[in-house]
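What follows is a single structure, written as structure tokens, with notes after it.
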Amino acid sequence: MRFIKHITLLLLLFPFSQGIAQSFPFDCLLVNPNGDVDLYWSLSAFNNVEKYRIYYAASGNNFVVIDSIDNQFITTYHHVGAAANVASRKYYLEAVIIEQDNLFTDTLQTIFLQLDNSNPSWAKLYWNAVHNPLPTGSSSWYKIYREYPQGSWNVVDSTQDLRYFHWPDVCEDSMSFFISIENGDCHSVSNITGGIFKDIEYPDKPVLDSVSVDNNGNVQLGWTASDSSDVAGYIIYRFEGNSIWIEMDTVFGINNTFYTDTTVNACEENREYAIASIDSCGNKSPGTFLTPQRPVFLYPIGFNSCSATDTLRWEPYINASPEIEKYEIYVSENGGPFTKAGEVPAGTLTFVHNGLNFNTDYEYFVRAVYGNTTASSCIKLLHTVDYNRPAFVYLTTADVLPDNTVEIDVHADTSVHNSSWDVYRSEDNTAFQLIGSFSYSDINGLPFSYTDETADASAGPLYYRIDAVDSCGNVAVQTNVNKTIHLTGTLVSEQQVSLQWTAYEGWDEPVVKYRIYRMQGETYPSEAYDSVSGNTFSYDDDISGITIADGRFTYWVQAVQDSGNTYGYRETANSNRVLLQQESKLYFPNAFRPGGVNNLFKPVFNFFGGTDYLFQVYNRWGQKIFETDDPSEGWDGTYGGKPVSMDTYVYHLSYKNVFGETVIQRGTVTVVR
């Protein structure tokens, strides 16, 4: 009954016109909530209407007269029991005119509204027209009325079609509908139909457009708002590994499109994120789990002190839309503003920052660029520290050993344990060759001694240099170059030896003197027997009156450094050794007894220092019966394995003495038995 009152009130808003139409039009059919039908028509053009007959067909065209009205000024009729709420009903009217032909209206049918809510999220409404074409004067717009909440009817939309799809913005509730079309002062109204509606539609999935890291190491998510108007908020998901996504939070409000995850330290770990929409009824859109996004993860910065470079490596931003165009690298020095240090294409995940200063704070972040969107990594800090380099190295001496190898002594900065030292040698002080190296573990004290076992200092002076190499393989400092003493000597005569040598070079204090050492035979001298000033490089030795068993004299000189060395050293350095040999005194016995005490006949030397030795024995007929080039061999008084007879024999001796002179001596010897 409330509906009938509502419709009656609605229709009273449109009072009937008092004018008389020139025809007999059928205007409106109004279906009441109980199925009864109200018919509205206009006055006939004739004033002599005897009555109106009402024709009705429940189905098809089986019309019957259901009533008549004898008053020509009554233009409405209420049909009780029409049941127009279960099907469409048809009507037309006949005006009986006195002494003229009767007039007939068009056939109208009630609007029958049908509802399809097989999908409870939609109200699909279908209906029929009252007539095709619509009655003269009708609007072409159908108004859709909805009852929600119960007892409250409102127009929700209008259409010129015979159908209308309505999305009820309710979570779960009942709704009813009817259709109305206006024709002048009346309305054709459909039956009322309704049902239970439930919002089961997912809202549109949002688009996660950036996952970045703020200055505090928190993850910041940004997305575009959902196109679904009933979105109440957004659900934030984080991947925990092992196919587990946790629903970590919900952001309410369709236009709230940012979220900060403060529970993860994005500088230490990298997580993937997804997002979904949720509407006011609790329906969740599909999440973006198949295309999760994660920020650029910057690994700890790798600093190379040798090259003064920082190397950045990062994990890529994933599932960006559009695809990543490039990565930009930003740097801040000592807390200053960030500036762009460079950029790399999308497929490159490393960057080397060159030209760094030592003892400086550098902060970096990497920014992914795609379309008009960017996403940044966490900020990573690195403090550059200069590495230790050896501060000094000093070659204290280059000493020639008795075997003509060279021992060098080195004073080095051993506070830098990862240093090494390279030993170089040259014969001309220009072309140096690496001959060896030693490390900190080799040093057992200072100065450290290194022996060049490949050297031959007798051939000429040698130059030595030490390079101190730091942990980066760079030469941090070089030593002074030391030059060995090269000694030469000649036996001028049986009474005099002449010595010459090269100057020792390389000390930071000059040579104060050269000591002269002479070794006679195998007897090592306890001290130098003479010395000369530091700027003297020759010496003549008088050996007259000196006789030694083997005639061998060995000489060397020793340079003595003056005091005042920077490191407190006062060194000595020896030259190579020179061996000289006196000419031997010799004699021949004039007879010998084979098999006796002196059973061999040969020259008798105090020592022999010559060369090209040849000793021969001949018989009286000039036949050579013995020959040797070995000074230790002699004739045993035989020839052809048989003893020779007692007789006089001739000998011949030739050799070159220590002065290079050829000595020839001939004589005779008697063999006695």
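Read-outs: derived from the displayed coordinates by stated rules, not from any lab. Small disclaimer: the values here were computed from a predicted structure and weren't measured. We place every Cβ from the backbone using ideal geometry, glycine too, and count neighbours over all the protein chains shown.
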For this session: Be a star and scan region 633-673 for residues whose amide nitrogen sits under 19 Å from the point 7 Å along the Cα-to-Cβ vector of Asn590.
Result: 646-653, 665-673
For this session: For region 415-573, take the alpha-carbon Rg, divide it by the Kirkwood Rh, and send me Rg/Rh.
Result: 1.05
Exercise. What FRET efficiency would be calculated for the residue pair Trp167, Glu343, taking the C-beta separation as r and a Förster radius of 51 Å, to the nearest 0.05?
Worked result: 0.60
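Evaluate Rg over Rh across region 157-258, taking Cα atoms for both radii and Kirkwood's formula for Rh.
Numbers: Rg = 22.1 Å, Rh = 18.1 Å.
For region 157-258, the value is 1.22.
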Seminar exercise, completed: Given 466-475, 60-69, the highest-first ranking by average Cβ count within 10 Å works out to 466-475, 60-69
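Could you calculate the contour length gain from Asn429 to Thr502, that is, 0.36 nm times the residue separation minus the distance between their Cα atoms, to one decimal place in nm? Working shown, then result.
On the way: separation 73, 0.36 × 73 = 26.28 nm, distance 1.41 nm.
Once the chain is fully extended between Asn429 and Thr502, it gains 24.9 nm.
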Exercise. Please state the equivalent ellipsoid semi-axes for region 487-581: what are the square roots of 5 times the Cα gyration tensor eigenvalues, largest first, in whole Å?
Worked result: 28, 13, 10
Seminar exercise, completed: Rounded to the nearest 0.05, FRET efficiency between Met519 and Ala459 (Cβ-Cβ, R0 30 Å) equals 0.90
Seminar exercise, completed: In degrees rounded to 10, the 0-90 angle between helix 2-12 Cα long axis and the longest Cα principal axis of the chain is 70
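Net charge near Asn598, counting Lys/Arg +1 and Asp/Glu -1 over other residues with Cβ under 15 Å of its Cβ?
Details: positive: Arg593, Lys602, Arg673; negative: Glu633, Asp636.
For residues surrounding Asn598, the net value is +1.
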Problem set entry | Shape metrics for region 304-425, restricted to C-alpha atoms - Rg then Dmax, Å | 24.1, 82
Exercise. Among 118-129, 636-647, how do they line up from the highest to the lowest mean number of other beta-carbon atoms within 10 Å?
Worked result: 118-129, 636-647
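Stretch Ile664-Thr250 to full length: gain in nm at 0.36 nm per residue minus the Cα-Cα span? Display every interim value, and only then the final one.
Details: separation 414, 0.36 × 414 = 149.04 nm, distance 12.27 nm.
Stretched out fully, the Ile664 to Thr250 stretch lengthens by 136.8 nm.
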For this session: Give me the number: length gained by fully extending Ser441 to Ser68, i.e. 0.36 nm times residue separation minus the C-alpha to C-alpha distance, one decimal in nm.
Result: 121.2 nm
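Go ahead and estimate [θ] at 222 nm for the chain from helices alone: -39,500 (n - 2.57) per DSSP H run with n ≥ 4, summed, over the residue count, rounded to 500.
So the calculated ellipticity at 222 nm is -500 deg cm²/dmol.
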Problem set entry | Hull-based mean projected area of region 586-671, where the convex hull spans the alpha carbons, in square nanometres | 5.5
Exercise. Which value in nm describes the separation of the simple spin-label points at Phe289 and Asn474, placed 7 Å from the Cα toward the beta carbon?
Worked result: 5.5
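How high is the FRET efficiency between Lys124 and Val86 when r is their beta carbon distance and R₀ equals 22 Å, given to the nearest 0.05? Could the numbers behind the result be given before it?
Numbers: r = 19 Å, r/R0 = 0.87.
It comes to 0.70.
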Problem set entry | Cα convex hull of region 207-279, projected area averaged across orientations, nm² | 4.8
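If we count other beta carbons within 10 Å of each Cβ, what is the order of Lys483, Lys198, fewest first? Present the calculation step by step, with values, prior to reporting the outcome.
Details: Lys483 18, Lys198 15.
Ordered from fewest to most neighbouring Cβ atoms within 10 Å, Lys483, Lys198 come out as Lys198, Lys483.
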Problem set entry | Reach of Lys143 by Cα under 17 Å, taken over lysines that are not fewer than 8 positions away in the same chain | Lys124
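Using Cβ contacts closer than 10 Å as the measure, can you line up Cys171, Cys378 from fewest to most?
Numbers: Cys171 15, Cys378 25.
Least crowded to most crowded, the residues run Cys171, Cys378.
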Exercise. So for the pair Tyr529, Asn418, with labels modelled 7 Å out along Cα→Cβ, what separation do we get in nm?
Worked result: 5.7
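Which of rounded, prolate, oblate describes the chain, given a ≥ b ≥ c as roots of the alpha-carbon gyration tensor eigenvalues and a/c under 1.5 marking rounded, otherwise prolate only if a/b is larger than b/c? Let's see the in-between values first.
On the way: a/c = 8.00, a/b = 4.98, b/c = 1.61.
In terms of gyration-tensor shape, prolate.
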Seminar exercise, completed: Classified through the alpha carbon gyration tensor (a ≥ b ≥ c as square roots of its eigenvalues; rounded if a/c is under 1.5, else prolate when a/b is larger than b/c, else oblate), region 1-201 comes out prolate
